Amino acid sequence: MNSSNNKIGSAIALALMLIAGLLLSACTKQSPNHDPAALAKNAVDQAQTKYQASEQAAYAWVPAKVALTLATGAFEAGDMETALIEAERATMLTEASLAQAKVEQNAWLERFPKPPASTTETREKP
Amino acid sequence: MSFKKEPCNYSLTNSPGISIPALMNYLAIACVVTILGYTGLQSPLAYGDPTADRQAMRALYQKRFPDIPVEAHKDGVYAFDQDAREQWLELEDFPPYEIAIDEGEELFNTALADGASYSDCFGDGAVKGQYPYFDENRSEVITLELAINDCRSQHDDQPLAYNGPEIARVAAYIAFLSRDQIIAVAEPTSPAALAAYNDGKRFYSSRKGQLNFACSSCHVQLAGKRLRSERLSASLGHVTHWPAYRLKWQDVGSLHRRFARCNQQVRAEPFAQQSPEYRNLEYFLTYIANGLPLNGPAIRK
């Protein structure tokens, strides 16, 4: 009884180890999280989407575009490390520009000069 | 033709030459301006009362420059910068934009594709005072440059590139013929015209770019002050003298080209010349400048 239980236990342990090994190798070799090209592509795509949003909001920043151009250029040239760094820089800058767009939605109106308390000029409207 | 400007004297102060602003100084000033922005000039306005806006802007500059008549801002920084003004008046003795006016005149009188000419659209050419205006049918702001290209397409001709040299020359000739016309943009009253006006007003007052400056940060809060070695002009006179010959450009260029430069200075992506954004901005600034005389083309650094 005991020896057959031990055998089953060993078989299960072996199977688990095999599965774990397979999973581990799948994660390290095939997962995009560890593939420099896939990581860079992901980052460049994300930066591009964000930058487009900032353009649409009319709040695009020059340095964000510069970083994005460097990122896509590096990606095309196969320099994944630079592509990743520049794409992340572009994303960060673009997030700041989108935050600016959000603040400015209301802030601008407060900034506009208010009319003088006593207006000497007669109004032009009838 | 005589291209000379009438010299006139106001209360003036000194200023040295101009250099390209450096990033770090801008950043420092951005902080100062941010603080200024939150401490002064506050109080929300009802959205879209152009008359009140115009009065507010005039009053603000009158207070800031008590010795200078509001109309004097047509000369930009040279309204309050004695040294720079003298150099500028010397340049005006032999104005470098003269050639552009002559070339513009030639282009103006050249037949378009169907044999018509610009005069079929613009009569004698002294029409700058009519622009920009809000076209209710098209529901957009029509600037002189847009009208020049409309005229070309009406006569089966190709539109000119807005960033090219030709359109600036035609506009320079028209501006020259229109000197001394008084800016009189009709008050925007329809919802569509008000929307365009408010869009320009919002653009003018919104902080943009990595350096977080609005047009008003420099041209209202800091007007008359120095940004590095450059003195900052008042927005009231921003639209009177275009196209201008900029020594930096070594050519005449449009108001929108200048807008783009000011956007880029604060690390904001500029818009295309004649984009709706810049046309609405021009519409707002020109309405604010109602009552000032046109004095283009002019020389600027």
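The values are calculated or read from the model by the stated rules, or taken from the named source; none is laboratory data. Every value quoted in this text rests on a predicted model; they were computed, and no experiment measured them. When we count neighbours, we look across all protein chains shown, and the Cβ atoms used for this are built from the backbone with ideal geometry, even at glycine. Protein only, heavy atoms only, side chains kept; ligands, DNA and RNA dropped before computing areas. Shrake-Rupley method; radii C 1.70, N 1.55, O 1.52, S 1.80 Å.
Residues of B:202-212, mean number of Cβ from any other protein chain within 10 Å of their own Cβ, rounded to a whole number?
Values: counts 6, 2, 3, 8, 11, 8, 8, 7, 8, 2, 5.
The per-residue average across the peptide is 6.
In segment B:48-301, what % of DSSP beta bridges are antiparallel (nearest 5)?
Here the antiparallel bridges make up roughly 85 percent for segment B:48-301.
At 7 Å along Cα-to-Cβ for each site, give me the label-to-label distance between A:Thr69 and B:Gln154 in nm.
So the two model labels end up 3.9 nm from each other.
Please list B:123-135, B:239-251 highest first by mean number of surrounding beta-carbon atoms within 10 Å per residue.
By packing density, highest mean first, the sequence is B:239-251, B:123-135.
List every residue whose amide H lies under 5 Å from the amide H of B:Phe213, counting only residues 5 or more places away in sequence or on a different chain, with H placed 1.01 Å from N in the peptide plane.
For B:Phe213, whose amide H was placed from the backbone, the distant partners under 5 Å are B:Lys208.
Measuring from a point 7 Å past the Cα of B:Asp120 along Cα-to-C-beta, which residues in segment B:126-163 have an amide N at less than 11 Å?
B:151-157
What does the structure give for B:245-252 when I average, per residue, the other chain Cβ atoms found within 10 Å of the residue Cβ?
Averaged over the peptide's residues, the number is 0.
Compute the distance in nm between two label points, each set 7 Å from the Cα along the Cα-to-Cβ direction, one at A:Ser10 and one at B:Asp93.
Taking the two extended label points, one gets 10.9 nm.
Can you work out ³J(HN,Hα) from phi for every residue in segment A:97-114, in order, using Karplus 6.51 cos²θ - 1.76 cosθ + 1.60 and θ = phi - 60°, giving whole Hz and x for Gly and Pro?
5, 6, 5, 4, 4, 5, 4, 6, 3, 10, 4, 4, 5, 5, 7, 5, x, 8
Among B:158-164, A:81-87, how do they line up from the highest to the lowest mean number of other beta-carbon atoms within 10 Å?
On the way: B:158-164: 14.1, A:81-87: 20.6.
Packing order, densest peptide first, comes out as A:81-87, B:158-164.
A:Gln46 versus A:Ala99, label points 7 Å from Cα toward the beta carbon: distance in nm?
1.6 nm
Using modelled backbone amide H atoms (1.01 Å from N, in-plane), which distant-in-sequence or interchain residues come within less than 5 Å of B:Ile299's amide H?
Amide H to amide H, under 5 Å and 5 or more residues apart or across chains, B:Ile299 pairs with B:Tyr245.
Quick check on my link table: of B:Lys74/B:Lys225; A:Lys41/A:Lys65; B:Lys128/B:Lys225; A:Lys114/B:Lys208; A:Lys114/B:Lys201; A:Lys65/B:Lys128, which ones sit more than 25 Å apart, alpha carbon to alpha carbon?
Working: B:Lys74/B:Lys225 17 Å; A:Lys41/A:Lys65 17 Å; B:Lys128/B:Lys225 31 Å; A:Lys114/B:Lys208 21 Å; A:Lys114/B:Lys201 13 Å; A:Lys65/B:Lys128 36 Å.
Long pairs (Cα-Cα over 25 Å): B:Lys128/B:Lys225; A:Lys65/B:Lys128.
A plus B alone minus the pair: what accessible area, both sides summed, probe 1.4 Å, in Å² to 100?
Using a 1.4 Å probe on protein heavy atoms, the buried area is about 3000 Å².
Quick one: net charge of B:Gly104's neighbours, Cβ under 10 Å, K/R +1, D/E -1?
With Lys, Arg at +1 and Asp, Glu at -1, the net is -4.
Counting only other residues whose beta carbon sits under 15 Å from that of B:Asp251, what net charge do I get with K and R as +1, D and E as -1?
Net charge around B:Asp251: +4.
For A:Gln56 and B:Ala161, what is the calculated FRET efficiency with R₀ set at 25 Å and r taken between the beta-carbons, to the nearest 0.05?
0.50
Amide H of A:Trp61: which non-local residues (sequence gap of 5 or more, or other chain) have their own amide H closer than 5 Å, using H built in the peptide plane?
B:Glu269
What are the ³J(HN,Hα) couplings of segment B:265-280, residue after residue, when phi is run through the Karplus curve with 6.51, -1.76, 1.60 and θ = phi - 60°? Round to Hz, x for glycine and proline.
For segment B:265-280, the Karplus-derived couplings read 4, 9, 6, 9, 5, x, 9, 6, 4, 6, 5, x, 4, 6, 5, 5 Hz, x marking Gly and Pro.
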